[in-house]
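Read the structure below first, then the notes.
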Amino acid sequence: MLKKKLTVIDNKFYNHIKITNLKTNMYKIITTLANGKYIAFLCLLMFIIIKDKTIPILIIINMIITWLLIGLTKNIFKRQRPNINRLVFEKGYSYPSGHTFTSTTFYGFIIFLLIISNLIISLKVIILVFLTIIILLVGYSRIYLGVHYLSDVISSLLLGTTYLLLYIYFTYFILNLL
């Protein structure tokens, strides 16, 4: 019963999406902001650039746990991808949306680090809004590109946020001990 209701909601949402070449190209670029290789590159770059290795190591650990959780959850639920107008090829299962989960935990952790930083408040707000928009656009891009359902994206945001808050809780204590 719940599965049928989710399918109805997922399909109604998708049917309201208007596909154009310009938007497709834009969402293909946006979705790469949470691609595993891109995030791994950013982690490596931070590890090289930042002198105090504590923060980059915490970010890398966060991403390793994130990717393990995504793989585990996909193999537990084994939800098939939507059978709709796919604009990109993706293999594997639909739930959770790995890109959405990854953007939530990576950019969300950067937001946490930003909040506890010494930056001026106006700069913090600008960066926080920008990163939040990236997280939301990555999620929407996965639906637009036809590789995830709305319910995959929303639940991945919630699952990613739940994990992130737990990770931040433990990280905060680690940072205070150092």
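The values are calculated or read from the model by the stated rules, or taken from the named source; none is laboratory data. Note that the structure is a prediction, hence the values are computed from the model and not measured. Glycine gets a Cβ as well: all are built from the backbone with ideal geometry, and neighbour counts include every protein chain shown.
Right, ILE133: in contact (Cβ under 8 Å) with a residue 24 or more places away in the chain, of a type outside the set (Ser, Thr, Tyr) and assigned to a helix (DSSP H, G or I) or not?
Numbers: in contact (Cβ under 8 Å) with a residue 24 or more places away in the chain: no; of a type outside the set (Ser, Thr, Tyr): yes; assigned to a helix (DSSP H, G or I): yes.
In short, no.
Could we say that ILE121 is over 21 Å from MET46 (Cβ atoms), surrounded by fewer than 14 Cβ atoms within 10 Å (Cβ to Cβ) and modelled with pLDDT of 95 or more here?
Working: over 21 Å from MET46 (Cβ atoms): yes; surrounded by fewer than 14 Cβ atoms within 10 Å (Cβ to Cβ): yes; modelled with pLDDT of 95 or more: yes.
For ILE121, the condition - over 21 Å from MET46 (Cβ atoms), surrounded by fewer than 14 Cβ atoms within 10 Å (Cβ to Cβ) and modelled with pLDDT of 95 or more - is met.
Can you pull out the helices (runs of 4 or more DSSP H) entirely within the stretch 1-107 that have at least 2 residues that are at pLDDT 95 or above, among the aliphatic types (A, V, I, L, M) and in contact with a Cys (Cβ under 7 Å, 6 or more places away or on another chain)? Reasoning before the result, please.
Details: elements: 2-15, 21-32, 36-49, 54-77.
It comes to 54-77.
Go through the stretch 1-36 and give me each residue that's of a type in the set (Lys, Arg), free of Cβ contacts under 8 Å to residues at least 60 places away in the same chain and over 22 Å from TYR95 (Cβ atoms).
Answer for the stretch 1-36, where residues must be of a type in the set (Lys, Arg), free of Cβ contacts under 8 Å to residues at least 60 places away in the same chain and over 22 Å from TYR95 (Cβ atoms): just LYS18.
Condition check: of a type in the set (A, V, I, L, M), out of contact with any Gly (no Cβ under 7 Å at 6 or more places or on another chain) and on the phi < 0 side of the Ramachandran plot. Does LEU157 satisfy that? Give the derivation first.
Details: of a type in the set (A, V, I, L, M): yes; out of contact with any Gly (no Cβ under 7 Å at 6 or more places or on another chain): no; on the phi < 0 side of the Ramachandran plot: yes.
Against the criterion (of a type in the set (A, V, I, L, M), out of contact with any Gly (no Cβ under 7 Å at 6 or more places or on another chain) and on the phi < 0 side of the Ramachandran plot), LEU157 does not qualify.
From the list GLY108, GLY98, GLY36, GLY92, pick out the single residue that is among the small types (Gly, Ala, Ser) and exposed (fewer than 14 other Cβ atoms within 10 Å of the Cβ).
On the way: GLY108 fails: exposed (fewer than 14 other Cβ atoms within 10 Å of the Cβ); GLY98 fails: exposed (fewer than 14 other Cβ atoms within 10 Å of the Cβ); GLY36 fails: exposed (fewer than 14 other Cβ atoms within 10 Å of the Cβ).
On inspection, the qualifying residue turns out to be GLY92.
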